[in-house]
Amino acid sequence: MGRYVIRRLLQAIPLLFIISIILFVLMQNMGDPLATLGGRQPTRSEDRARLARQLGLDKPLYTQYFYWLVGNDWTMIDVDGDGVAETEGRRKGVLRGDFGTSLVSRGRSATEIIFERIPNTLLLMIPAELITIVIALVIGIYSALRQYSAIDNVVTTISFVGLAMPIFFVALGLVYVFAILFQRWGLPSLPANGMFDPRIGRSPGQLLIHMILPITTIAFISFAGYSRYIRSAMLEVISQDYIRTARAKGLSSRYVLYTHALKNAALPIVTLIGLNLPFLLAGAVVTESIFAWPGMGRLFLDHLGRSDTPVVMGILLLTAIAVIVFQLLTDITYALLDPRIRYD
Amino acid sequence: MAQGTLPLKPPAEVEAPPLTLGQMAWRRFRRHKLAMAGSVVMILLLVYAFGGAFFLSEEYANFTDTSIRLIGPTAGHLFGTDTVGRDILARTIYGGQISLLIGLAAAIVQVILGIVIGAFSGYYGGWIDSVLMRFAEAIMIVPTLFLLLVMAKFFGGQIPELTILGRTFSGSVVVIILIIGLTSWPRLARIVRAEFLALKENEFVVAARAIGTRPLEIIFRHILPNTIAPIVVTATLGVANAILAEAYISFLGLGVQPPTATWGNMITGATNYIESAWWLWFFPGLLILFTVLSINFIGDGLRDALDPRSRPS
Amino acid sequence: MKKLLRQMTVLFAIFVLISTGLIACGGGEVAAPEGEGGPEAVDSGGEETAVEPAERKVATFVFTQEWDSLNPIYTNMWFSTITTQIWNAAAWDFDAENNLRPVLVSEIPTMENGGLSDEGRVITINLRDDIMWSDGEPITAEDFLFTYEMTINPSNTVGSTYPYDLIESVEIPDEQTVIATFADPFVPWAATLWTYVLPEHTLRPVFDAEGTLDTAEWNRNPVPSAGPFVMAEWESGSFARFEQNPSYYGDTPNLDEIFIRFVPDDAGQIAALRTGEADLGTFISYSDVPTLQDAGVNIASVPSGYNEGWFIHFGENAHPALSDVKVRQAIAMGFDRFAINEDLLLGLTEPAVTFWDNSPYAPADLEAWPYDPEMANALLDEAGWVDSNGDGVRDKDGVELVLVHGTTTREVRADTQAVAQQQLAEIGIKLDIQGFDSSVFFASYGEGGPCATGELDICEMSNSPSFPDPNTSRWLCSEIPNDEAPDGNNDQWLCDEELDALFQQQSTQVDFAERQATFDEISRIMYENVYWLGIWRDPDIWALSGRLTDTELSGATPFYNIVNWDIAE
C-alpha cells in the first residue's frame, strides 16, 4: 500500500505539469485581458501596448509560462518601453509558491485573492454537501427497502424534478417563494441574497438565515446524483443471496443492513463522495452568483471573464491538487472497505 | 467475503422450454409495469417530437408576432406564446427533436466511454489503470467551459449544417453531443472501476480465467452485468444533464443558434418570467421531466431484467 | 425499520448540529476582519446598530460587478468610476441635465474667465480654499500634480494614461492653481480631465518606498478620501460600506451609511429590489420594469449616450449589396423598429435616430426611418436586386442577398434578431442570424473578432461616446484595423472622406455651439447614408426603492447629488 501511495504521488507530478501547460494554453484563448479592462469601451491602442509590456503579456507564450512557473526575479524586464530591460523582475513563480499578481486587481497577489475566499466557500459548501449526503442516504436506503412503494415513487419524481431544472431556475424559484411571496403574504420570509442585513449587522444568526436558501438550492440539485446511486447500490446488495440468507437465519434486518448491506454498497457511495469533495473547494458558480455569496465559484467566473490568468490558474491548480488527493484517498478507502481490493 | 459465491449464470428457475438469456430478459422486462409505462411514455415523446412535425411546420415554430407576445395558453396557442409571440406548442415539438437527440446521444457516448475505460482500468490495473485514471483526472480538472470557449472561438459560425430526417440541423449539434459525452464519462468510469476492482478477485472470475476464458469475455460477459445498476443511474442523470447543458453551451454561442428552439433554451429563456409567464418554462420543463422519468424506469426495468438477483417487482 | 429511521433521524440531527457548529465558527471567522479593518473602520456594524437601530439611515445599493480597484488610475470599470462622487471628488461633475458643476474648483474654466486659453491648449483651474481630505489635510495643487505624475509614470500599471499623456506640462504656481498645457487644443477636457484626485501626502511615501502604486493599500481602502463619504470596509466578493466623511467641506449628507452589495446575477438583483433588501440597482432590463414597479420600486431612465444599433460592415469581406445606399435604406425601412420598441421593450424607449441620440450632440431635426416595406421593395428593385430564381431571396449577378447578422446571446437581442429575420425575409432579404458569447463577439481584429474581421455583415450592439463628450474614434478612417494596427476601433471599416473631415473639424472646436453644428452635419450624412441603423435608445435604467428620496441621477457622474439623498421610512 505504501508503495502504491508513493507511486501515485509520483504520478501526480507529471500530471500536474501537463495539466498546467494545457490550462495555460487554453487560458490564452479565453479572451484578451486588455480588451476593455472591465470598462464599457475598448482599451486605447497606446494603453494596450503599454500594459502588455508592463504585465509581460507581450512575451511569447512559452516565456509567459516559464515566468509563471519559475518566476522572473533572476532576470531584467523592460517596463518603460525603451527597449532596454532595466527593471528587476519580482515574480517568484508557482514552484516557489507565488501564483503571480492579478491582472484585474493589478498589484494584488493571486494567492491572497484566492485564499481569502476559501473560508466562505467551505462555509457554504460543506454544510450543503453534508445535508445532501445525509438526506440522500436516508432516502436512498428507504427507497431501496421499499422499492416501488408510494413514497419511493414520490421521492423518485421529486428528485427528478430537481434534475430536470437548471440550477438558476431552482434558486430563483426558491427566492420567489420564500423571499418574495412569503413577504407579500406577511409570513416570516427569508432574505434574497447576501450574508447579513446591513441594517441589523453581522451575527451568526443572520448568517444562518442567509444560508438557508443557497444550501437548499445546492442540496436540491445535487440530491438526485447521490440518492439514485445509493438506492440502486442498496437494491443490488439487499437482493443478494447472502443477505437473504442472513435474514432467513433470523438476524434482525437492522443488523444485516448495517454490517453487510451498507458495507457492500459503500464502494459506489465512496466513489461518488470522492468525486464531489474536491470540487467543494471550487464553490458553486451559479448559486453563489444568485445569492451573492463571496465564494470561489464567483471569483473564478469574475476573473475568467477578464482572462486573469494568474488567479484562474491558481484556482484551477488548487482544484487539480484536491482532485488528485481525493482520488487517491478514495482508492485507499476501497482497500480498507474491501480486503479483496489490492493494487500491487 | 460471502459475496464470493454469487452465481455466474441465472439460477435455474427455468421453466419448461429453455429460453435464451435475451428472451428471458425480455419476459422479465415485459412484466415490469413501470418499465413498460416508461417505454410507452418514451415512445409517445418520440412520436410527439417527430410526428408533431407533420402537423406544424418549422416555419410556424419560428414565426414571430410581437403583438401577441406572452399570451397564456388559449385555444389558438395551446401552450401559449413566448417573448416574441411564437407558438410554444410548435417550439416544444421542434425543440424536442434536438433535445431528445442530444440528450440520448450524449448519454450513450458518456456511458460507453465510462464503461470501457472504467472496466479496462479496474480489470487490468497496473499501468493501464494509472494511465486511464490520470487521464480521467485530467478531464475532471480542465473545466468544460474552457473547451467550450476555445471551440466557440475557432468554430463559432463555421460549422457545416447536417440534414437528418429531412430537417437541417446545425452541425454544432454533433459538437455538443461530443463535448458533453467526452467530458462527462470520468464519474461513471470511476464507479465502474471500483466495482471491477472488487469483482475481479471473485471466485467466478478466477474460475473463468483458470479455464482460459478470454479477458474481453470475462470483462463484458461476466463482470459487467453485475455493474449494471450504477450504469443505469448514470445514463438517466446523463440525459437530463445533456438536455440542460445544451442550453448553456448554446448560450456561449457554440451550440444551437437562435431562433431554433430546444427544450433547454426554452426553459433557460424563461428565467425572467418564472411567475409572470409560467407557461414559458412549464411545458418544456414537464417534457424534460417526462423524458428523465421514463428513461429512469426503462433503466430500472432493464437492470431488473438483465440482473437475475434483483427482486421481482 | 422504524428503529432504523429513528437512528437515521438522530444521525441527521447530529449532522445538522455539526454543520450549525461550522456555521457558527465560520461566522466568527467572517466577522473577525471587522475589528481589524483599519483605524478608520469604526466598529459600527454590530454595536451601534444594536443600541439605536432606527437612527441610522443605511441605503443599500446593489452592484452587479465588483470593483477591480477603487484607485481611479487603475480601473476602467464603470461601477468603480461612478463611485467617485460618493467617496472621492473630481474638479467638477455633471448634473442631471449634463451641465458642468464645480466641485473642487471655484469656477468652471471658460474662454471668458481665462480658464481656457491658447485656443483650448491651456486649461487653468483654481481650487477652492476650504477643501480637505477626510484626515483633515488640505487638498492642494500638489495633489493634482501628483495625480498627473502617477498616471503617466511607467512604474504604475494604470488602466489608461489618457488624457494625461497628451499634456505637455502641468504647472502649479501656487497651492490653489493648476495649469495643464496640451500639445494641441484639447476639446473633451470636461469629460476626461481631473475626474479624480489622489492624496499626495498619503501615497507619495508609498510610491517612494515601493517604487510603484500597484501594491498600495489605498487602492482597496481609499482612506483618506475627498468625498462626502469615506470607506469603512470592503469585503471581497461580498460588500463594501461607506460612512460619512467627518471632514467633508460640503453639505453633510443625509444618509449615514451607503452599503454596497455585489450581486453578480441580474435576477438576484431584481429579487433583492423586490423584497426591499436593496434600495438601488442598475442596468435593469426592460422586461423587469413592470415587475419592479408592481413592487413599488421607482424606475429612472438616465441617458448616458448609449444606443443599440446595427453596425454595417463596409470592408472587403462584406456583402457587396451593402455598399449600395439604396439597399441600406431598404433595410432601414423593411425592419419595423417601432414594433420592437413598442412590444419587446414595452414602449419604454424608441428607435434611435443617430449614433449621438441620448447625448448633448443629438440633432433635433431628424426622424427615424419609417417602416415602409413597399418603399423598401421598390428601392431594392431599383438597385437591381430581384428574385430571379424564385427561391424567395433577391439576387443580382448570381449573388444571393443573404446577410450575416450577429450579436450577443442576450435575450432581447436574440428576440430582435428573430423578428428582423422574419421581416426582412418579407422584402426578399435573407438574414442569417448568429449569437455569440460577448468575449468572442467584441474581440478586436487582432483577436479575430467576427465584427472587426467582417465575418459578419451586420453587428448589433450598444455603443456610446465618452459621454457626455461624443466619441468619434470608431468612425475615423485612420482607425480601420489591419495587420499592422490590429487594435483599430473602426470595426465596420467605414471610410467616408467628407465625414472624416468633419470629424477632424469637430475635434478642434472648443465652442460648444460650433461643435454641435458640426455634429448636426455628421449626423445628417450618417443618417441619409444609413451608415448606422439605430434600433433603440439605450439609456441606463436605474431602480430606486420607494424609501429613497431626493435622488437625482446624471448620465456621466450618476451620484453627483448623493449628499441630498435621503431615506423616508
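Throughout, read-outs are computed from the coordinates displayed, never taken from laboratory work. Fair warning: this is a prediction, and the values are worked out from it, not measured in the lab. All Cβ positions, glycine included, derive from the backbone under ideal geometry; neighbour counts span all protein chains shown.
Just a few scattered comments:
- Taking the charge dipole of the stretch C:161-250 about its Cα centre, with +1 at Lys and Arg Cβ atoms and -1 at Asp and Glu Cβ atoms, the residue from C:I172, C:T161, C:A190 reaching farthest to the positive side is C:A190.
- Counting Cβ atoms of other protein chains within 10 Å of each residue's Cβ and taking the mean over peptide A:202-210 gives 4.
- Additional length obtainable on full extension of the chain from B:E161 to B:S130, 0.36 nm per residue less Cα span: 7.2 nm
- Extension gain for the segment C:E217 to C:T252, taken as residue separation times 0.36 nm less the Cα-Cα distance, is 9.9 nm to one decimal.
- For the protein assembly as shown, size of Cβ-based charge dipole, Lys and Arg +1, Asp and Glu -1, in debye: 10740 debye
- If the segment from C:I179 to C:E426 were pulled out straight at 0.36 nm per residue, it would be longer than the present Cα-Cα gap by 82.8 nm.
- At least 20 Å along the helix axis (C-alpha) and Kyte average at least 0.5, DSSP helices within chain C: C:2-35
- Size estimate for the stretch A:75-174 follows the Kirkwood approach: the inverse of mean 1/r over distinct Cα pairs works out to 18.9 Å.
- Extending 7 Å from Cα along the Cβ direction at C:I299 and again at C:V510 yields two label points whose distance is 4.4 nm.
- A viscosity of 1.002 mPa s and a temperature of 20 °C, combined with the Kirkwood radius over C-alpha pairs in the Stokes-Einstein formula, give the stretch B:180-313 a diffusion coefficient of 121 µm²/s.
- Crossing angle, helix A:263-280 versus chain A [Cα axis fit, 0-90 degrees, rounded to tens]: 20 degrees
- Farthest toward positive dipole pole in the stretch A:114-337 [+1 Lys/Arg, -1 Asp/Glu at C-beta], among A:F168, A:F223, A:S289: A:F223
- Mean ellipticity per residue at 222 nm, deg cm²/dmol - from DSSP H runs of n ≥ 4 across the protein assembly as shown, formula -39500 (n - 2.57): -14500 deg cm²/dmol
- Amide H contacts of A:D98: A:G93, each under 5 Å away and 5 or more positions distant or on a separate chain (H built 1.01 Å from N in the peptide plane; Pro and chain starts excluded).
- Other protein chain Cβ atoms within 10 Å, averaged over every residue that makes up C:255-267: 5
- Paramagnetic label reach from C:E107 (point 7 Å along Cα→Cβ; backbone nitrogen cut-off under 16 Å): within the stretch C:163-186, residues C:177-178.
- Of all beta bridges that DSSP places with both ends in the stretch C:307-538, some 60 percent have antiparallel geometry.
- Label-to-label distance for A:D82 and B:R209 is 7.3 nm, based on points extended 7 Å past Cα in the beta-carbon direction.
- The dipole here belongs to chain C: it is taken about the Cα centre, uses +1 on the Cβ of Lys and Arg and -1 on the Cβ of Asp and Glu, and is about 1960 debye.
- A P(r) calculated from all alpha carbon pairs of the stretch C:307-538, with 5 Å bins opening at zero, reads 1, 7, 14, 19, 20, 18, 13, 7, 2, 1, 0, 0 percent.
- Estimated vicinal HN-Hα couplings, Hz - the stretch C:472-484 in sequence order (Karplus 6.51, -1.76, 1.60; Gly, Pro = x): 10, 4, 6, 10, 7, 4, 5, 9, 5, x, 8, 5, 7
- Cα gyration tensor shape of the stretch A:36-98, rounded if a/c is under 1.5, else prolate or oblate by comparing a/b with b/c: oblate
- Taking amide H as placed 1.01 Å from N in the peptide plane, the amide H of A:I77 sits under 5 Å from that of A:E86, A:T87, A:E88, A:G89, each at least 5 places away or on another chain.
- Whether the protein assembly as shown is rounded, prolate or oblate, judged on the alpha carbon gyration tensor where a/c under 1.5 counts as rounded: prolate
- By the count of other C-beta atoms within 10 Å, a proxy for reagent exposure, B:S57, B:S130 are ordered fewest to most as B:S57, B:S130.
- Global form of chain C, assessed from the alpha-carbon gyration tensor, a/c cut-off 1.5: oblate
- Footprinting exposure proxy for B:T260, A:T245 (fewest neighbouring C-beta atoms within 10 Å first): A:T245, B:T260
- The modelled label-to-label distance for the pair A:I118/A:Y4, using points 7 Å beyond Cα in the direction of Cβ, is 2.9 nm.
- DSSP-defined beta bridges in the protein assembly as shown - what % are antiparallel, rounded to 5: 80 percent
- Counted over chain C, the DSSP beta bridges are approximately 75% antiparallel.
- Relative to the longest principal axis of the Cα atoms of chain B, the long axis of helix B:126-141 lies at roughly 20 degrees.
- Distant-in-sequence amide H partners of C:A232 (H built 1.01 Å from N, under 5 Å): C:R241, C:F242, C:E243
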